Amino acid sequence: MLLIKERQFIKEYGLKLLEKGLTKATGGNLSIYNRKENLIAISPSAISYKKINIEDIVIMNLEGEKVEGNKKPSTEFQLHRIIYKNRRDVNAVIHTHPTYSTTIACLNEEIPPVHYLIAYSGYKVPCANYAAFGSKKLAKNVYKAMGKKYNAVLMANHGLITVGENIEKALNVSEVVEYCAELYYRTKNFSEPKILSKKQMKKVINNFEDY
Ligand SMILES: [Zn+2]
């Protein structure tokens, strides 16, 4: 069986998405790219995280061909693929539908630097234009918003996608972005939040790089 370690991580982190309330039932998907083997391990389509066995995880190549597995890969495979093709610093992708991030995504708005921890994404969390789930157009829209600058993107009327050099980092980004989304939502309900300036955020991002 190919990519056994990656398969185990997909199972383990899929359960973490449920535990941490980042997604529900079969919502969302996650993958790990083994750059050396040029293979992607991705969660299967429409199987709840609690029921996924490691043999259900699908192994794909960067060209989009299935290499191993009896199940169908996640419907959002294109979303994962376009990021691995274009970001050499990324080896894991997590897509979820967490409540606060998705609330803001349904307003088609971005998350500004309302708290310094937004630096986990970059200067902000941009919002990608809407396209139907599973479509190549959605993958294109997401990568257009993400580029090489951000580790997180809201997907209009849909959810959140985060990336990292490994699956643990990609999960951290998801949790921190959801926290910032909640803060933004709550401060907006209360009054108008004070947004950090580009200069203030630049300092945070520089400190993060040295950290
Ligand atoms: Zn989705």
- Query: Tell me, what is the Rg over Rh of the stretch 47-89, with Rh the Kirkwood radius over Cα pairs?
  - Reply: 1.01
- Note on the structure: For the stretch 16-49 the trypsin sites (Lys or Arg not before Pro) that pass both the DSSP coil test and the at-most-16 other-Cβ-within-10 Å test are 20, 24, 35, 36
- Amide H neighbours of residue 45 at under 5 Å, excluding residues fewer than 5 places away on the same chain, with H built from the backbone geometry, are 72, 74
- Among 47, 104, 94, which one shows the biggest mean-square fluctuation in a GNM of the chain, springs joining Cα atoms closer than 10 Å? 47
- Query: Based only on Cα atoms, what Rg/Rh ratio does the stretch 146-211 have, Rh being taken as Kirkwood's radius?
  - Reply: 0.99
- Note on the structure: Cα-based Rg then Dmax for the chain, in Å, read 16.6, 55
- Message: On a 27 Å Cα-Cα criterion, which of the cross-link pairs 71/140; 136/188; 5/149 come out too long?
- Response: 136/188; 5/149
- Item | Simple Cβ-charge dipole of the chain, Lys/Arg +1 and Asp/Glu -1, about Cα centre, in debye nearest 20 | 460
- Query: Considering only the chain, what is the antiparallel percent among its DSSP beta bridges, to the nearest 5?
  - Reply: 95
- Putting +1 on Lys and Arg Cβ atoms and -1 on Asp and Glu Cβ atoms, find which of 135, 121, 211 reaches farthest to the positive end of the dipole of the stretch 109-211. 135
- Task: Evaluate the charge dipole of the stretch 16-125 about its Cα centre and quote only its size in Debye, nearest 20, assuming +1 on the Cβ of each Lys and Arg and -1 on the Cβ of each Asp and Glu.
- Result: 120
- Sequence ranges 52-63, 116-127, 162-173, 189-200, ranked by mean other-Cβ count within 10 angstrom, highest first: 116-127, 162-173, 52-63, 189-200
- Query: Okay, helix-only estimate at 222 nm for the chain: each DSSP H run of n ≥ 4 adds -39500 (n - 2.57), divide by all residues, round to 500 deg cm²/dmol; what do you get?
  - Reply: -12500 deg cm²/dmol
- Message: Which log10 I(q)/I(0) values does the stretch 27-141 give at q = 0.09, 0.22 Å⁻¹ under the Debye formula, counting every alpha carbon as one identical point scatterer?
- Response: -0.27, -1.30
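Readers should treat all values here as calculations from the given coordinates under stated rules, not as data from a laboratory. The model shown is predicted, which means the values in this text are computed figures rather than measured ones. Because the Cβ atoms are built from the backbone with ideal geometry, glycine has one as well, and the counts that use them run over all protein chains shown.
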